[in-house]
1. Within region 108-143, which residues are out of contact with any Phe, Trp or Tyr (no Cβ under 6 Å at 6 or more places or on another chain) and away from the ligand (no atom under 16 Å from the Cβ)?
2. When you scan region 67-86, do you find a residue that is more than 11 Å from the ligand (Cβ to nearest atom), modelled with pLDDT of 95 or more, among the hydrophobic types (A, V, I, L, M, F, W, C) and out of contact with any His (no Cβ under 9 Å at 6 or more places or on another chain), even just one?
3. What are the residue pairs meeting all of these: first residue in region 160-188, first residue closer than 25 Å to Ile136 by Cα and modelled with pLDDT under 90, second residue among the polar types (S, T, N, Q) and open to solvent by 40 Å² or more (accessible area, probe 1.4 Å), Cβ atoms under 6 Å, and 6 or more apart or on different chains?
4. Filter region 190-221 down to residues that are among the charged types (D, E, K, R) and without any contact (Cβ under 8 Å) to a residue 60 or more places away in the chain and give me whichever is nearest to the ligand (Cβ to nearest atom).
5. Mind checking which residues of region 56-95 are of a type in the set (S, T, N, Q) and surrounded by 15 or more Cβ atoms within 10 Å (Cβ to Cβ)?
6. Consider region 39-54. How many of its residues are open to solvent by less than 30 Å² (accessible area, probe 1.4 Å) and within 11 Å of the chain's Cα centre (by Cα)?
7. Residues that are acidic (Asp, Glu): find the helices (runs of 4 or more DSSP H) completely inside region 1-103 holding 2 or more of those.
8. Any chance region 18-32 includes a residue that's farther than 14 Å from Val118 by Cα and either open to solvent by 70 Å² or more (accessible area, probe 1.4 Å) or more than 13 Å from the ligand (Cβ to nearest atom) (or both)?
Amino acid sequence: MTDGPLVIAIDGPAAAGKGTLARRIAEALDFAHLDTGLLYRAIGFAVLQAKQDPSDEAAVLAAVEEPESLRLGDPALRRDDVADAAAKVATLPGVRKRLLQFQRDFAAAPPGGKKGAVVEGRDIGTVVLPAANLKIFLTAALEIRADRRLKELRERGLQSIRSQLLREMRERDERDEKRAVSPLRPAEDAAVLDTTELDADAAFEAAMTIIRSQPDFADKDRS
Ligand code: DC
């Protein structure tokens with residue numbers, strides 16, 4: 001991938017800070033940004049609305065429109081029941097297959113004529129875009145991620161019990177790491193960035209240091 005758009009893949013578990021980091025990198029480099037979790041969430045939401053079982057592959061594929069018509073800006077996608085349905089539909093090979101080309105097309109021709117794309121998810125560096133120019137695997141200790149998620153929920157006026165949130169996140173991690181198709185794991189050539197002890201600014205600086213050290217990205221930084 002040297003001639004086409006530049007691609008940065010950011011993978012990692014839930015609440016590791018991928019969204020904030022990916023947005024900031026995209027802004028600094030003037031790249032397009034795709035949060036692929038939203039694709040799975042939009043499918044999970046469509047399935048819940050159709051009152052179908054998110055584990056039933058045939059029903060899920062029947063309930064879901066083409067990826068192009070999924071409404072990724074709907075605030076309902078952030079709901080916890082939607083996250084749960086998303087984790088279930090994400091284990092279905094037919095769902096992953098249906099989303100694959102959409103994600104690759106986004107990176108090959110980033111919207112707005114941007115020169116590159118930052119694509120975040122769980123399997124971007126390993127499966128979706130294995131030839132990405134740069135892969136970052138963003139992680140943090142489970143307790144820290146749970147605390148960040150708790151803070152985020154409280155800021156949105158939602159109450160949540162820490163012990164319950166921890167249990168749910170542990171279950172979701174396990175489901176993401178142990179599923180047969182595209183499990184969550186760092187690509188062999190990914191730079192692993194552990195943000196347990198880093199706030200959002202420090203994580204961004206650490207990521208930009210990694211990016212600047214890559215010859216493909218020389219002169220691309222606007223920040
Ligand atoms: O990052 P998120 O919480 O919005 O992701 C929602 C669910 O989708 C989560 O269970 C992981 C799954 N997912 C995935 O399997 N592959 C991706 N590339 C992105 C998300």
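The values are calculated or read from the model by the stated rules, or taken from the named source; none is laboratory data. On a predicted model such as this, the values are computed, not experimentally measured, just so you know. All Cβ positions, glycine included, derive from the backbone under ideal geometry; neighbour counts span all protein chains shown. The area values use the complete protein model at the heavy-atom level, side chains included, leaving out ligands, DNA and RNA. Shrake-Rupley method; radii C 1.70, N 1.55, O 1.52, S 1.80 Å.
1. Taking region 108-143 and keeping what is out of contact with any Phe, Trp or Tyr (no Cβ under 6 Å at 6 or more places or on another chain), we get 108-113, 115, 119-143.
Within region 108-143, Ala108, Ala109, Pro110, Pro111, Gly112, Gly113, Lys115, Ala131, Asn133, Leu134, Ala141, Glu143 meet the criteria.
2. No, every residue in region 67-86 fails to be more than 11 Å from the ligand (Cβ to nearest atom), modelled with pLDDT of 95 or more, among the hydrophobic types (A, V, I, L, M, F, W, C) and out of contact with any His (no Cβ under 9 Å at 6 or more places or on another chain).
3. Note: pairs meeting the criteria are Arg179/Thr91.
4. Asp194
5. Of the residues in region 56-95, the ones of a type in the set (S, T, N, Q) are 69, 91.
Selection gives Thr91 alone.
6. Result for region 39-54: 2.
7. Details: elements: 18-29, 37-49, 57-63, 80-89.
Result: 80-89.
8. Our first condition is that a residue be farther than 14 Å from Val118 by Cα; within region 18-32, this holds for none.
Scanning region 18-32 turns up no residue that is farther than 14 Å from Val118 by Cα and either open to solvent by 70 Å² or more (accessible area, probe 1.4 Å) or more than 13 Å from the ligand (Cβ to nearest atom) (or both).
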